[in-house]
2 protein chains.
Amino acid sequence: MRILGVDPGLAAMGWGLIEYPNGTPHSVRWGQVRTSPRDAMAQRLRQIYHGLRDLIRETEPDAVAIEQLFFATNVKTAIVVAQARGAAIPATAESGVEIFEYTPLQIKKAVTGRGRASKPQVQHMVAALLGLREIPRPDHAADALAAALSHAHTLKVSRLLEKT
Amino acid sequence: MRILGVDPGLAAMGWGLIEYPNGTPHSVRWGQVRTSPRDAMAQRLRQIYHGLRDLIRETEPDAVAIEQLFFATNVKTAIVVAQARGAAIPATAESGVEIFEYTPLQIKKAVTGRGRASKPQVQHMVAALLGLREIPRPDHAADALAAALSHAHTLKVSRLLEKT
């Protein structure tokens with residue numbers, strides 16, 4: 001099972017790929033797709049769309065996991081992120097990969113066991129769960145890996161439930 | 001010159017095509033692409049993306065005109081519209097058609113001559129400018145035609161400026 005986590009933003013879309021042959025993550029890669037503020041909005045949204053489409057072709061994931069939008073206090077930021085998210089999601093359709101959305105609460109719970117964990121705590125657990133010595137950078141990539149881990153966790157739980 | 005105007009929303013994406021061989025609109029078509037609230041968000045965003053891509057293939061416009069997002073008082077609505085907009089814009093890239101963004105103010109000015117025109121006034125002028133007996137329905141399609149007319153107007157103005 002290969003899961004691609006995605007954390008879309010306008011300036012940078014973080015991504016993280018985990019491979020889960022059995023219970024333990026096998027190999028991990030991460031990075032980000034950047035767009036320039038010098039380009040027009042339409043151009044940047046296209047870059048996000050193409051960036052994710054190329055990434056899916058390259059990494060051939062079985063599933064894509066993405067954080068559901070939370071309603072930020074800053075409306076302007078929320079709208080910009082929403083547009084970037086809207087551009088990223090259709091890119092998954094091209095390759096027929098299924099996309100799964102997780103709320104920030106679900107991600108925190110899946111990764112740390114607690115819904116009220118802080119961002120550094122989540123990042124710390126991402127590194128621990130993936131057997132990494134350091135927290136993956138940039139932040140967008142760590143968030144993307146957290147989304148991927150949440151999907152892996154959900155699959156594991158549903159398999160356990162099937163067995164009972 | 002064929003201009004496709006687009007008014008993206010999540011439940012319905014309005015579109016309107018105008019043909020401008022010289023100063024007067026020649027032929028006009030409009031409609032909307034609907035998505036169902038029973039489908040998941042990711043599915044609906046994909047439908048918007050594919051809907052616009054198919055529409056561009058079918059109508060072969062020279063340019064796409066879209067209303068720039070205004071910051072609504074209702075954050076939740078704004079975020080939903082922003083996602084739909086983010087999904088629509090990359091669809092224009094596939095066919096290499098250029099996309100032009102117009103603010104609500106620019107659209108009102110281009111269509112009615114006044115930046116503070118009401119929605120019914122804009123719709124009334126859309127019908128008048130296009131030689132239609134009735135206001136195009138649904139509202140999303142009328143808004144899409146207004147965006148297309150704004151682009152036609154901008155082109156006309158820039159041609160006039162070139163001549164001076």
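Computed from the coordinates by the stated procedures, all read-outs in this text should not be read as laboratory data. Just so it is clear, the model here is predicted, and its values are computed rather than measured. Quick reminder, even Gly has a Cβ in these numbers, built from the backbone with ideal geometry, and neighbours come from all protein chains shown.
Ignoring everything except DSSP H segments at least 4 long, calculate the 222 nm mean residue ellipticity for chain A; use -39,500 (n - 2.57) per segment, divide by total residues, nearest 500.
Calculated from helices alone, the mean residue ellipticity at 222 nm is -17000 deg cm²/dmol.
To one decimal in nm, how far is A:Asp54 from the same spot in the other copies, if labels go 7 Å from Cα toward Cβ? Please give the shortest first.
Distances to the matching label points in the other copies: 2.9 nm.
Provide an ascending nm list, one decimal, of label-point separations from B:Arg34 to the equivalent residue in each further copy; define each label point as 7 Å from Cα along Cα→Cβ.
So the distances to the same position in the other copies read 4.5 nm.
Just need the relative contact order of chain A here, percent rounded to a whole number, with Cα pairs under 8 Å and 6+ apart.
Here the relative contact order equals 32 percent.
Within straight cross-link reach of A:Lys76, meaning Cα distance under 30 Å, which lysines are found once same-chain residues fewer than 8 apart are removed?
Excluding near neighbours in sequence, the set is A:Lys108, A:Lys109, A:Lys119, B:Lys76, B:Lys108, B:Lys109, B:Lys119.
Could you please state, rounded to a whole Å, how far the C-alpha centre of the stretch A:15-69 is from the C-alpha centre of the stretch B:106-164?
Their Cα centres are 39 Å away from one another.
Projected area of the protein assembly as shown, taken from the Cα convex hull and averaged over every viewing direction, in nm²?
18.7
Specify the angular offset, from 0 to 90 degrees and rounded to the nearest 10, of the alpha carbon long axis of helix B:75-94 from the longest principal axis of the alpha carbons in chain B.
Helix B:75-94 and the main axis of chain B meet at about 70 degrees.
Between 0 and 90 degrees, rounded to the nearest ten: what's the tilt of helix A:139-163 against the longest Cα principal axis of chain A?
Here the helix axis deviates by roughly 40 degrees.
Nearest 10 degrees, 0 to 90: what angle lies between the long axis of helix B:119-129 and the longest principal axis of chain B (Cα atoms)?
Long axis of B:119-129 versus the principal axis of chain B: about 50 degrees.
Placing the label point 7 Å from Cα along the Cα-to-Cβ direction, what are the distances from B:Ser158 to the equivalent spots in the other copies, shortest first, in nm to one decimal?
In nanometres, ordered from closest: 4.9.
Counting other C-beta atoms within 10 Å, which of B:Thr92, A:Thr103 has the fewest, and how do the rest follow?
Result, fewest neighbours first: A:Thr103, B:Thr92.
Set the Förster distance to 45 Å, then compute FRET efficiency between A:Ala128 and B:Arg159 from the Cβ-Cβ distance, nearest 0.05.
It comes out at approximately 0.10.
May I ask you to compute the full-extension gain from A:Arg114 to A:Lys76, defined as 0.36 nm times their residue separation minus their alpha-carbon distance, rounded to one decimal in nm?
Separation in residues times 0.36 nm, less the Cα-Cα distance, equals 10.7 nm.
In chain B, how does Rg compare with the Kirkwood Rh, expressed as the Rg/Rh ratio over alpha carbon atoms?
Using Cα coordinates only, the ratio equals 0.96.
Hey, fewest Cβ within 10 Å first, where do A:Asp139, B:Asp7 land in order?
A:Asp139, B:Asp7
Taking the rotation axis that maps chain A onto chain B, which residue of A brings its Cβ closest to that axis, and at what distance in whole Å?
Reported as residue, whole Å: A:Gly86, 1.
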